[in-house]
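Report on the structure given below.
The values are calculated or read from the model by the stated rules, or taken from the named source; none is laboratory data. Keep in mind it's a predicted model, so treat the numbers as computed, not measured. So basically every Cβ, Gly included, is an ideal-geometry build from the backbone, and we count neighbours across all protein chains shown.
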Amino acid sequence: MAYRWPAGTTFKRIDLDVQDRSCPACGRAMHVCDHRYHHLWTLQGPTQVVNRLGRCPDASCESRGCTFSPEAALSISMPRWCLGWDVFCWLGHRRFARHWSVSQLRAA
Ligand SMILES: [Zn+2]
């Protein structure tokens, strides 16, 4: 079941682009074909990550049908997770190094 954000939540926005905008097969400049929106919790609060997806405009290119995602998206969180790596590490450190209980984590 998907996480439901409370109504009226304000998000900090992060925009990400594909780092190398040239097609890996033919070298032409890729176009932005779609946006993927990812909402997650970070230590800075609710965050919206906007991934601009790239695609080769050449219909005869062998990479036709492939969509390229920004590489930096995985440095913020795992795909489809609602926790950023910073929150995940914060929780993991307190749970497994300091042996906090789940109720302590929820209270913090
Ligand atoms: Zn191409």
Residue among 77, 63, 101 that alone is at pLDDT below 95 and in contact with a strand residue (DSSP E or B) (Cβ under 8 Å, 6 or more places away or on another chain): 77
Members of region 7-30 found to be out of contact with any Asp or Glu (no Cβ under 7 Å at 6 or more places or on another chain) and surrounded by fewer than 13 Cβ atoms within 10 Å (Cβ to Cβ), listed by number: 7, 8, 9, 10, 12, 13, 15, 20, 27, 29
Matching residues, region 60-91, being small (Gly, Ala, Ser), assigned to a loop (DSSP other than H, G, I, E, B) and surrounded by 15 or more Cβ atoms within 10 Å (Cβ to Cβ): 63, 69, 77, 84
Residue within region 40-59 that is loosely packed, with under 11 Cβ neighbours inside 10 Å and more than 30 Å from residue 92 (Cα to Cα) present: yes
Region 18-59, subset under 22 Å from residue 85 (Cα atoms) and outside any strand (DSSP E or B), residue nearest to the ligand (Cβ to nearest atom): 18
